[in-house]
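*Asks:* I am attaching a structure below and will ask some questions about it afterwards.
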Amino acid sequence: GQRMPAGGRPPLADVDIAKIATWIKEGAKFDGPEGTTPIDQVVNLAWMKKATHEDLMVRRRERALEQWKLAMANETANRAEKGDIMVLSNVGDAATQRILGIAEKALEDANKYLKTERGQPLLKGGIIIYAFKQRYDYTEFGTMVEKRSLPTDWSNHWGGRVLDAYTALAYSPSATDDQIKGQLIQGMLGLSLSSMNGV
């Protein structure tokens, strides 16, 4: 006597029921990346394929702020943005602006290395950079956001799953611009290459 969906929600439209019936008749093949991919990622991938660069950038930045709150619940992020880059950190405003300036140069180099077509973004939706003033904060990001322990010899890494595309680093004020730029280029190249079909 009960009908899905439960909870008093309206039933599916006849056209949607017909789509599901056709899918079942055709063998109900999974058209996602692989059968073990979590359903939220499959949904986000489908949305992302249709989204514009700008739409994805807005959603990615919203998500980055959510991730920051998850990892650094008691600290408001220093924030700097320009073009396709957003930096979130707890290293102070001056250092955050320094990282943004270095990131712009790193992005130029990454575009040259990958021969990105002029006017096209290196990565659809842009790149988030998380910078942490203490090693503990960096590892806490790994624990809370990535649900893993980061190796003790790491000082930077990149990550991304659909809506996320970021590079994270334990910021050292004594590091040279070139050292920071190298870390950022590594992350940007990794993110771009991993977003390509078949890579």
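The values are calculated or read from the model by the stated rules, or taken from the named source; none is laboratory data. If you're wondering where the values come from, they're calculated on a predicted model, not measured in any experiment. In this analysis, Cβ positions are derived from the backbone assuming ideal geometry, glycine residues included, and neighbour counts consider all displayed protein chains. With ligands, DNA and RNA removed, areas are computed over all heavy atoms of the protein, side chains included. Shrake-Rupley method; radii C 1.70, N 1.55, O 1.52, S 1.80 Å.
*Asks:* Hey, could you check the range 186-199 for residues that are among the polar types (S, T, N, Q) and assigned to a helix (DSSP H, G or I) and say which is modelled with the lowest pLDDT?
*Replies:* Among them, the one singled out is Ser194.
*Asks:* Kindly indicate whether Asp109 is closer than 15 Å to Met188 by Cα, in a loop (DSSP other than H, G, I, E, B) and open to solvent by less than 30 Å² (accessible area, probe 1.4 Å).
*Replies:* Taking the combined requirement at face value, the residue does not satisfy it.
*Asks:* Considering each of Asn74, Asn78 in turn, give the residue that is more than 15 Å from the chain's Cα centre (by Cα), open to solvent by less than 100 Å² (accessible area, probe 1.4 Å) and under 25 Å from Ala168 (Cα atoms).
*Replies:* Step by step, each of Asn74, Asn78 is checked, and only Asn78 is more than 15 Å from the chain's Cα centre (by Cα), open to solvent by less than 100 Å² (accessible area, probe 1.4 Å) and under 25 Å from Ala168 (Cα atoms).
*Asks:* Report the residue count in the range 26-65 for those that are in a helix (DSSP H, G or I) and farther than 28 Å from Gln120 by Cα.
*Replies:* 1
*Asks:* What's the number of the condition Leu123 fails, among (1) surrounded by 20 or more Cβ atoms within 10 Å (Cβ to Cβ); (2) at pLDDT 95 or above?
*Replies:* In the conditions (1) surrounded by 20 or more Cβ atoms within 10 Å (Cβ to Cβ); (2) at pLDDT 95 or above, Leu123 misses (2) alone.
*Asks:* Would you mention how many residues in the range 157-185 are assigned to a helix (DSSP H, G or I) and under 15 Å from Ile128 (Cβ atoms)?
*Replies:* 2
*Asks:* Also, quick follow-up: Hey, does the range 150-160 have a residue that's modelled with pLDDT under 95, open to solvent by 50 Å² or more (accessible area, probe 1.4 Å), hydroxyl-bearing (Ser, Thr, Tyr) and within 15 Å of the chain's Cα centre (by Cα)?
*Replies:* Checking the range 150-160: not a single residue is modelled with pLDDT under 95, open to solvent by 50 Å² or more (accessible area, probe 1.4 Å), hydroxyl-bearing (Ser, Thr, Tyr) and within 15 Å of the chain's Cα centre (by Cα).
*Asks:* Which numbered condition in (1) open to solvent by 10 Å² or more (accessible area, probe 1.4 Å); (2) outside any helix (DSSP H, G or I); (3) of a type in the set (Gly, Ala, Ser) is the only one that Ala131 fails?
*Replies:* (1)
*Asks:* In addition: Pick from Trp47, Trp23, Trp68: which is crowded, with 16+ Cβ neighbours inside 10 Å and either more than 30 Å from Arg135 (Cβ to Cβ) or in contact with a Leu (Cβ under 9 Å, 6 or more places away or on another chain) (or both)?
*Replies:* Trp68
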